[in-house]
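Contents: one structure, followed by commentary.
Rule-based calculations on the coordinates, nothing more; no lab input. On a predicted model such as this, the values are computed, not experimentally measured, just so you know. So basically every Cβ, Gly included, is an ideal-geometry build from the backbone, and we count neighbours across all protein chains shown.
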Amino acid sequence: MKHKTVSSKLNTYTTYLLYRDQFTALAENVFVYENMPDSINIDYFNKILTEKGSIAFFFDEVLGKYFAFPYIHIGKLDYQNQPLKIQVLGENGYRRVLNQNEFVIIYDNNLHISLLSHIRQYAERYTNIVRTIDVNIYQQKTPRVWKVPQNKEKTFYDMLNSYDSFEDNIITYTDKANPFEDVQCESKPVTYVADKLIDAKRELWSEFMRFIGVADLSFNKKERNIRDEVLINQGGAVISRYSRYTPRIDAIKKINELFNLDIKVKYYDGTPSNDEKDDESNFVEGADSDVYTNDI
């Protein structure tokens, strides 16, 4: 019993790690950058932004390269609560103090916070649903609860084991009491709720997608959805999207002006686009301006 408990907890933890990594990867990789200097590792750049909430972009005159590293602020902040002086911290021990006109801070979102705790919370909730589905499906096996006199437990267990092992013949003894005497079997079928839990899982997935600013159409494929209804349902994703998109746009603009670069950033699907046009390419319109979700 103790072994099964440990195995179950380990399975739950590995499931949590699976979805934590998936959610983290999704949150990190919703942006694409153009004309980013080759010395900037985009994977590391996105990782620090998601985990720390911000990163410092600067130029090293000695090495002749641009870098983006985590940092700590030194001394006082300005009237907008921005650092006047920072120390950048490279993973290899690189340290350098920078003044206000030598760096640009890029924030992951308008709250200037790390998303890591939120991602972990979503991963934990998602894991709870998935593991409950697993247990509920497992419990659909025919349950057997036996009431057996304590002095006959060993005999009955051996016979039951032979039965479960598909033995052709099971032997009992006539000179002993009937091993099945005073034995009762109680069965209580477990209600199947996995289908409802799958719906809950889908809704939580959609909630997380909205949280990181990714449009997710989780409609029943048989439904016929009006285009305006689709737009309204994606309102939360649009707001979350601009919460992460706007600080990047502002920072990239400052970087381009300070270092004479031409870096661009946008979401992978192109919405919102850099030319500020309304991209409606994700919608398939019918003759009466309805949207069919199986066409999206």
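Assorted remarks:
- Proxy reagent accessibility, fewest Cβ within 10 Å first, across Glu34, Glu124, Glu51: Glu34, Glu124, Glu51
- With 23 Å as the limit, the listed pairs Lys76/Lys266; Lys9/Lys47; Lys76/Lys253; Lys9/Lys154; Lys141/Lys196; Lys52/Lys85 have Lys76/Lys266; Lys9/Lys47; Lys76/Lys253; Lys9/Lys154 beyond it between alpha carbons.
- Label separation (Leu63 vs Asn256): 2.6 nm, computed from points 7 Å beyond Cα along the C-beta direction.
- Extension reserve of the Arg95-Leu111 stretch, reckoned as 0.36 nm per residue once the Cα distance is removed: 3.1 nm
- R0 of 25 Å, Cβ-Cβ distance Glu124-Tyr268: FRET efficiency to nearest 0.05: 0.40
- Contour excess over end-to-end distance, with Cα ends at Asn29 and Ile72 and 0.36 nm allotted per residue: 13.0 nm
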